[in-house]
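Only one structure is covered here, and it is reproduced in the block below.
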Protein chains: 2
Amino acid sequence: MAKQTRGGTLPTEVPGAPVRAPLTHDRIIATAIELIEREGAQALSMRRIGAELGVAAMSLYNHVPGKEAVLDGIADRILGGLEVDPAPEADWRDRARRLAHAFRAAAHRHPRSMSVVLSRSMIWTRRLPVIEQMLAIAEQAGFRGRTAVQVMRTFMAYVIGTLMNEANTAATLRQIAEERRRVAELVDPKAFPHVVGAARELLHPDYDADFDFGLDLLIGAIESLPRT
Amino acid sequence: MAKQTRGGTLPTEVPGAPVRAPLTHDRIIATAIELIEREGAQALSMRRIGAELGVAAMSLYNHVPGKEAVLDGIADRILGGLEVDPAPEADWRDRARRLAHAFRAAAHRHPRSMSVVLSRSMIWTRRLPVIEQMLAIAEQAGFRGRTAVQVMRTFMAYVIGTLMNEANTAATLRQIAEERRRVAELVDPKAFPHVVGAARELLHPDYDADFDFGLDLLIGAIESLPRT
DNA sequence: CTCCTTCCGCTTACGGCGTAAGTCGCTGAG
DNA sequence: CTCAGCGACTTACGCCGTAAGCGGAAGGAG
């Protein structure tokens, strides 16, 4: 059915057929990410990835030990795109802002995959560069020891929490758009007066502005903290 | 095999056997939560829940439309335990702290289930009471309109992000304890000097203190924000 | 007391999942 | 030219969620 460059059994090559690119770890991960972005996380299966690549499911196991490894590979790929620290000598506030924005930009490039990455626990290895960078920034800001770690943790918590909230909000708004009727019933103005009052702002979030609002708030607070 | 109170077919009741409690929505959800806490999220299946209750998998469908509904039920149950606002007249800072602590306490009561709840998107209904409460607190603090929403979002982001980080950290530390060898290789002091320098603090986190550190930082920052 | 509706747990079956095991054509080294 | 081994293949197993339909027990109606 397709010509091959090397190895493999059937289907035997057909002269006029296009050459099929060789299967590699990278191509598998890239295809997995595409698939998640296009059809959602629950559509990801070894069989589907294989189909997408024109290959049998088990062929993937020649390049990847299992599905878990595919998920790890996705995390690697997505978090790997932002490890650079372009200006280690700049003001720590700028560095912090830049790191947060880089993380968020990566999330927005692959939103559905990022959800998968964030909800997997065992990937501390992949986050290590980000942790290192944030710790360096905390030290540059004048914090040491436990306080530096706490500053780092607080900052990371805000960034990750915001990304989860954004994904959540986007999904929620999509769902609300589909079934306006039931929403009106569910959100009783008596039970949720403030939610109804702020409906306009809740329904039309300015993600960028909201992110920077909290980010600046946090950086300002860290700045005016006593040094250790 | 087991005596029944009402209805059902085989196995026909055996006189001496213990009475089996009737299947209900609540018992199904409770069993699902127990199962997740005991064996992890990937152990949760309709068949396993059934087995745990001494019942066939399909019997669950008389009380629950499907697995998604079970997951929703878990979210309801866990987030439902903290809706109270015991002192609506208290200082907004205390109310905010109390809300954050209540959320976190619920998370620690069912840590693995909370991970599942947090990584599901479509459950805005269940979070509505928390959002309402936090919006009320923001208004009490003197914020209106978009700013109130931004304060609420920032606050929620921090809380949720911290919970995810805690779950992550716990899993990471467990894993590190198992394979100290590979960790030493992976964490190169040249590449991650700050991580290695803060190893003691990173490996022995004080979750409560860390949470309050960021919480107070954030509340203080919100307090000194100009009002709208 | 009898009948009959309704409830509810049961069995069976289907398509899809991750993956262990084994087959075999092609390629490049000797 | 031979042949080792790489890499894609097929097959099969035990899971999964769930659609469809069965049948016994409980309890109201006559």
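Here B:Ile176 passes the criteria (1) at the interface with chain A (Cβ under 9 Å from one of its Cβ atoms); (2) surrounded by 21 or more Cβ atoms within 10 Å (Cβ to Cβ) except the one numbered (2). Of the residues examined, A:Pro86 is not one that is modelled with pLDDT under 95 and surrounded by 14 or more Cβ atoms within 10 Å (Cβ to Cβ).
From the list A:Ile49, A:Ile74, A:Ile137, the lone residue that is in the same structural domain as A:Met164 (by TED's automatic domain parsing) and not small (Gly, Ala, Ser) is A:Ile137. Taking the stretch A:89-131 as the range and being outside any helix (DSSP H, G or I) and facing chain B (nearest Cβ under 8 Å) as the test, the residues that pass are A:Ser119, A:Ser121, A:Met122.
Determine whether the stretch B:132-139 contains at least one residue that is within 17 Å of the chain's Cα centre (by Cα), surrounded by 19 or more Cβ atoms within 10 Å (Cβ to Cβ) and at pLDDT 85 or above. Within the stretch B:132-139, not a single residue is within 17 Å of the chain's Cα centre (by Cα), surrounded by 19 or more Cβ atoms within 10 Å (Cβ to Cβ) and at pLDDT 85 or above. Checking each residue in the stretch B:194-225 for being over 29 Å from the mean Cα position of the chain (by Cα) and surrounded by 14 or more Cβ atoms within 10 Å (Cβ to Cβ) picks out B:His194, B:Val196, B:Gly197, B:Leu225. Annotation: of all residues in the stretch B:32-44 being more than 14 Å from chain A (Cβ to nearest Cβ) and free of Cβ contacts under 8 Å to residues at least 12 places away in the same chain, the one that is farthest from DNA strand D (Cβ to nearest atom) is B:Arg38.
Of all the numbered requirements in (1) assigned by TED's automatic domain parsing to the domain that holds B:Ala102; (2) of a type in the set (S, T, N, Q); (3) surrounded by fewer than 21 Cβ atoms within 10 Å (Cβ to Cβ); (4) touching a residue at least 40 places away in the same chain (Cβ under 8 Å), B:Ser121 misses one, and that requirement is (4).
The number of residues in the stretch B:140-164 that are surrounded by fewer than 24 Cβ atoms within 10 Å (Cβ to Cβ), basic (Lys, Arg) and either outside any helix (DSSP H, G or I) or within 25 Å of the chain's Cα centre (by Cα) (or both) comes to 1.
The set of residues in the stretch B:87-101 being over 13 Å from B:Glu139 (Cα atoms) and under 21 Å from the mean Cα position of the chain (by Cα) consists of B:Arg97, B:Arg98, B:Leu99, B:Ala100, B:His101. The residue of the stretch B:197-210 that is farthest from A:Ala136 (Cα to Cα), among those that are more than 9 Å from chain A (Cβ to nearest Cβ) and assigned to a helix (DSSP H, G or I), is B:Asp208.
Residue-wise test of (1) in contact (Cβ under 8 Å) with a residue 60 or more places away in the chain; (2) touching an Asp or Glu at 6+ places or on another chain (Cβ under 8 Å); (3) closer than 22 Å to B:Arg174 by Cβ; (4) not aromatic (Phe, Trp, Tyr).
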residue: A:His108; (1), (2), (3), (4): no, no, no, yes
residue: A:Arg112; (1), (2), (3), (4): yes, yes, no, yes
residue: A:Thr125; (1), (2), (3), (4): no, no, yes, yes
residue: A:Arg144; (1), (2), (3), (4): yes, no, no, yes
residue: A:Val151; (1), (2), (3), (4): yes, no, no, yes
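Name the residues in the stretch A:1-59 that are modelled with pLDDT of 95 or more and basic (Lys, Arg), would you? Listed by number, the residues that qualify are A:Arg27, A:Arg38, A:Arg47, A:Arg48.
The values are calculated or read from the model by the stated rules, or taken from the named source; none is laboratory data. Please read all numbers here as calculations on a predicted model, not as lab measurements. With ideal geometry, Cβ positions are generated from the backbone for all residues, glycine too; neighbour counts draw on all protein chains shown.
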